[in-house]
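Only one structure is covered here, and it is reproduced in the block below.
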Number of protein chains: 2
Amino acid sequence: MSAAKDSVAGDVVVAAHDRLVATRTGIDTRGEPVVYLRNDAAIARSEGFAALARIRVCANGHAIDATLFTVSGPRCMLAPGQVGLSEAAFSALDVEEGAALTLSHAPAVESLGFLRAKVYGQRLDGQAFNAIIRDIVGGRYMGVHLAAFITACSGARLSPDEIVDLTGAMVDVGQRLQWPGKCIVDKHCVGGLPGNRTTPIVVAIVAAHGLTMPKTSSRAITSPAGSADTMETLAPVDLDLATMRRVVEREGACLAWGGSVSLSPADDILIRVERALDIDGEGQLVASVMSKKIAAGSTDILIDIPVGPTAKVRSRAAADALEAQFQYVAQAFGCRIQVLQTDGSQPIGRGVGPALEARDVLAVLKCSADAPADLRERAVLLAGTLLESVGAVAAGQGQVEASATLDDGRAWRKFQAICEAQGGMRVPPVARHRQDVFAPRSGVVRRIDNRLIARAAKLAGAPGDKAAGLFLHVKLGDRVREGDPLLTLHAESPGELAYALDYARTQGQAFEIGED
Amino acid sequence: MSAAKDSVAGDVVVAAHDRLVATRTGIDTRGEPVVYLRNDAAIARSEGFAALARIRVCANGHAIDATLFTVSGPRCMLAPGQVGLSEAAFSALDVEEGAALTLSHAPAVESLGFLRAKVYGQRLDGQAFNAIIRDIVGGRYMGVHLAAFITACSGARLSPDEIVDLTGAMVDVGQRLQWPGKCIVDKHCVGGLPGNRTTPIVVAIVAAHGLTMPKTSSRAITSPAGSADTMETLAPVDLDLATMRRVVEREGACLAWGGSVSLSPADDILIRVERALDIDGEGQLVASVMSKKIAAGSTDILIDIPVGPTAKVRSRAAADALEAQFQYVAQAFGCRIQVLQTDGSQPIGRGVGPALEARDVLAVLKCSADAPADLRERAVLLAGTLLESVGAVAAGQGQVEASATLDDGRAWRKFQAICEAQGGMRVPPVARHRQDVFAPRSGVVRRIDNRLIARAAKLAGAPGDKAAGLFLHVKLGDRVREGDPLLTLHAESPGELAYALDYARTQGQAFEIGED
């Protein structure tokens, strides 16, 4: 009853003997704020705190909501009065070690009612999406809530108007950029095709033509590399807004990581859970892409949808449906958009993984003899389409002009200038461990499974290890002999190399080798 | 490169300097196995372990998969070579402090492919559900995966055949009970009605009539009390199978917690996440209920579906759909089933919360003057229906007989005998803190919101604190004067009392008081 004596209903006061101080535990929870409390702490009893409760933590003016774990036993890491903070909680609270903390029950998260309605299949309006997205950005959703939201929005469960409202909600919680000039171009590939790293090449070509392209890219969600991961091996991409503006003013373009300018902070949080689930639903995808384009101030957007049996989009019908969603959202926000459905039957280029893809990009930009022809061709198609669509070149001349910009070195010089402006060009790292995977028999490569290729590259360590991934030695239609290398795995640790190799050998029917 | 020297690709060996030993951290993660590893451990580098990676932990013959958190910094709770284990990981591994551990990447969880297919809206077959449920019971799903599975199965997203397959998968991973005799009766309420604690009364009545009713109940999922929570305040419910058999042999019935006999271990895991999400989807609900009934060996099942604007099932149409799903699954497994749609317009009884509901149950069984008439009436309806459906009494005589069994004390004596057989009757606890909530104006009670009543009881600490919850002073149609008590909140801590009171005052339009 002692705790009760110190309190009055409706106005709980913390007793002096229950003073709590912050302790940095050094525990990395990948961004989730967690507090650790001794289960014999007086406040655990007076407030009825149990493990997994949501707790509001306050310290010198800052307040965060965090998940509670209780700690007990003889080896307890906490002394009486100490409250352990995960790295995320420690930095979000911005406290010193030993600072006084107060803990209380986190207020009820009202938007979870909207989340439940969506889970049960109801349609949500803009106000509901605004409430959900504000609570997500405010750190009030736990991992299970984020997973439920992502799942409830996947599998064609968002109507076109819901996608518009979700997009708007995501734009509203982030920064919104404005650029001088009426025409701001942008491109995006919906993904699913390993090695399809056209962005740096397209940006270099169109910027060399004087267009403005302040490109912000994501890190990988479910793939072995995102454009930001690849670009980071070539130049700094973690640009603040001032740097980004300076680069674009000087060179007309940049190749930055979107997360660092906080264009869509909700998306940055959702992506963490999408990656753990390996799920990237269409409605969510459209809202994620369009919220970033709108926030980035883009007016003319090109979307690349690779279509193939093992790509993210597997049929023409699915691509048409996705295209319609992009068009609908673009129209709602007054952007011009063009969608290209491209061949998604096999990986593009040779490298899969941040640094390995960067090498392919460099080869194309430098017009090296070993440059992968398919990557160049795809980049030229996209850049040419963009050049034509904004009237920078005559209709029908886009690809010719884009090609010429590569051949005469303008694109390569522009790319180097952009990298210099972003902080200096880098040499992509090389993995410490490599291992070939060989053809089990002779014949012709009839099928390459994009998903298995991506999975093997991820098991080898991509995108976390920039140098990790794999290098493809064959393309569809190539003739191979038994024992020829099909791919080379690249990894930074022997454990990951073994893990990826085991997968490639036992699970990975990544290549179908048929009769001549 | 030192780690690499100790390893060969495909056959990773752990170097002597990297010997890892178990340390019990005392961290309570509510059942989720977690390992804590110093981020400077050689194996973190050699294996490429990062925070949130899934890790296989092996020790003297046991292997578990756990989520990894890395720890760094000057206040690191781990000495070099120590691997911290959460309480769940420590007990699942069954190791001593200081025992040698080996860590490796957890094998890929193949059933996540089926989960993703379901998230994207595809239908799954029995094999897919078997694989998912086996991996869930094997501890291979993280919280976000469980949340995605629950969400993907909610909102009418399971076909009748999928519900049958999910039910079968859940039965297969648990124990399956068999009882002598051909007729084993059971009942279940789908919930959503606070205080609707008919089970102990129904069991006592039908057992007094000589029927066999080995009742296993759940703890609360999203409600302030499940039957097991309430019964636990009256007698032990944590019975092992041998005890349960002995009780049923002696008394013809028991009132046990289903989790302790592991009838549906998958459901026990899913319920933890359903509670965090406050979601309990219909298909999942039917599979959860039916898997437990089938595993418990029930042949004649009565399902109570309360229907009301703020109950779990809100319309006749929804109740019909749910009834059809129950019938379909029962037929697939060869059970007889009867479904009653009952009035769900307001709470039943006066108490809401484990101990408060137990007091209502006792009052009905003892035929006390203050026994809530609606609880007695509902229990008599259900017991009477069961008695008739198995031919224990003549058609049309069920409710008369059930009533008589209460009036002449047979049900009360049977209930006491069951409690004694389960380990001895208990007195339900009384909460230490109470606070009335008063009518803001005079008038007639026109509406009572079941959900807000349930929420207030949960904020007060139910079902975690057995004595917590609330006591209702009014029913629909009652005339109240301004300042009359509408309900009394019961809590074990002043913090929770204040929290529930704040909710009841500011958010909780739980009562609509209209003109006379």
- line: Filter segment B:251-279 for residues that are among the charged types (D, E, K, R) and out of contact with any Asp or Glu (no Cβ under 6 Å at 6 or more places or on another chain); the one that is nearest to the other protein chains (Cβ to nearest Cβ) is B:Asp278
query: In this structure, does A:Thr199 turn out to be under 19 Å from the mean Cα position of the chain (by Cα), surrounded by 23 or more Cβ atoms within 10 Å (Cβ to Cβ) and assigned by TED's automatic domain parsing to the domain that holds A:Trp257?
result: yes
task: Residues that are more than 24 Å from B:Asn39 (Cα to Cα) and more than 8 Å from chain B (Cβ to nearest Cβ): find the strands (runs of 3 or more DSSP E) completely inside segment A:45-93 holding 2 or more of those.
output: A:54-59, A:62-71
- prompt: Can you find even one residue in segment A:95-113 that is in a strand (DSSP E or B), more than 9 Å from chain B (Cβ to nearest Cβ), in contact with a Phe, Trp or Tyr (Cβ under 8 Å, 6 or more places away or on another chain) and more than 20 Å from B:Gly155 (Cα to Cα)?
  reply: yes
- request: Output the number of the condition that B:Ile305 fails; it satisfies all remaining conditions of (1) in a helix (DSSP H, G or I); (2) under 28 Å from B:Gly155 (Cβ atoms); (3) among the hydrophobic types (A, V, I, L, M, F, W, C).
  value: (1)
query: Any idea which residue in segment A:36-46 is surrounded by the fewest Cβ atoms within 10 Å (Cβ to Cβ), counting only those that are under 25 Å from B:Leu277 (Cα atoms) and modelled with pLDDT of 75 or more?
result: A:Asn39
query: Do you know which residues across segment A:143-162 are over 13 Å from A:Lys118 (Cα atoms), more than 7 Å from every other protein chain (Cβ to nearest Cβ) and in contact (Cβ under 8 Å) with a residue 60 or more places away in the chain?
result: A:Pro160
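Results for (1) free of Cβ contacts under 8 Å to residues at least 40 places away in the same chain; (2) polar (S, T, N, Q); (3) under 21 Å from B:Pro347 (Cβ atoms); (4) crowded, with 24+ Cβ neighbours inside 10 Å, shown as yes or no for each residue.
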| residue | (1), (2), (3), (4) |
| --- | --- |
| B:Val206 | no, no, no, yes |
| B:Lys215 | no, no, no, yes |
| B:Thr222 | no, yes, yes, no |
| B:Ala225 | no, no, yes, yes |
- request: Evaluate segment B:222-236: report whether one residue or more is within 14 Å of chain A (Cβ to nearest Cβ) and of a type in the set (Ser, Thr, Tyr).
  value: yes
- prompt: When you scan segment B:272-308, how many residues do you find that are more than 19 Å from B:Gly226 (Cβ to Cβ) and touching a residue at least 60 places away in the same chain (Cβ under 8 Å)?
  reply: 6
message: Of the conditions (1) surrounded by 15 or more Cβ atoms within 10 Å (Cβ to Cβ); (2) within 11 Å of another protein chain (Cβ to nearest Cβ); (3) free of Cβ contacts under 8 Å to residues at least 24 places away in the same chain, A:Gln122 satisfies every one except a single condition; which number is it?
response: (1)
message: Suppose we filter A:Gly349, A:Gly334 for residues that are at positive phi, in the same structural domain as A:Ala204 (by TED's automatic domain parsing), surrounded by fewer than 23 Cβ atoms within 10 Å (Cβ to Cβ) and not in a strand (DSSP E or B); which single one remains?
response: A:Gly334
Residues that are closer than 30 Å to A:Lys366 by Cα and part of a loop (DSSP other than H, G, I, E, B), drawn from segment A:182-208: A:Cys183, A:Val190, A:Gly191, A:Gly192, A:Leu193, A:Pro194, A:Gly195, A:Asn196, A:Arg197, A:Thr198
statement: Across (1) within 14 Å of chain B (Cβ to nearest Cβ); (2) buried (at least 17 other Cβ atoms within 10 Å of the Cβ); (3) not hydrophobic (A, V, I, L, M, F, W, C), A:Asp436 clears everything bar (2)
query: Taking the condition in a loop (DSSP other than H, G, I, E, B) and either within 14 Å of chain A (Cβ to nearest Cβ) or surrounded by fewer than 22 Cβ atoms within 10 Å (Cβ to Cβ) (or both), does B:Val445 pass?
result: no
field: All positions within segment B:418-442 that are outside any loop (DSSP other than H, G, I, E, B) and basic (Lys, Arg)
entry: B:Arg434
field: Residue check for A:Ala318: surrounded by 22 or more Cβ atoms within 10 Å (Cβ to Cβ) and outside any strand (DSSP E or B)
entry: no
message: Of the conditions (1) outside the structural domain of A:Leu497 (by TED's automatic domain parsing); (2) in contact with a helix residue (DSSP H, G or I) (Cβ under 9 Å, 6 or more places away or on another chain), A:Gly461 satisfies every one except a single condition; which number is it?
response: (1)
query: Do you know which residues across segment B:1-35 are at pLDDT 50 or above and within 7 Å of chain A (Cβ to nearest Cβ)?
result: B:Thr23, B:Arg24, B:Thr25, B:Gly26, B:Ile27, B:Asp28, B:Thr29, B:Arg30
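The values are calculated or read from the model by the stated rules, or taken from the named source; none is laboratory data. Because the structure is predicted, anything quoted here is derived from the model rather than measured. Glycine gets a Cβ as well: all are built from the backbone with ideal geometry, and neighbour counts include every protein chain shown.
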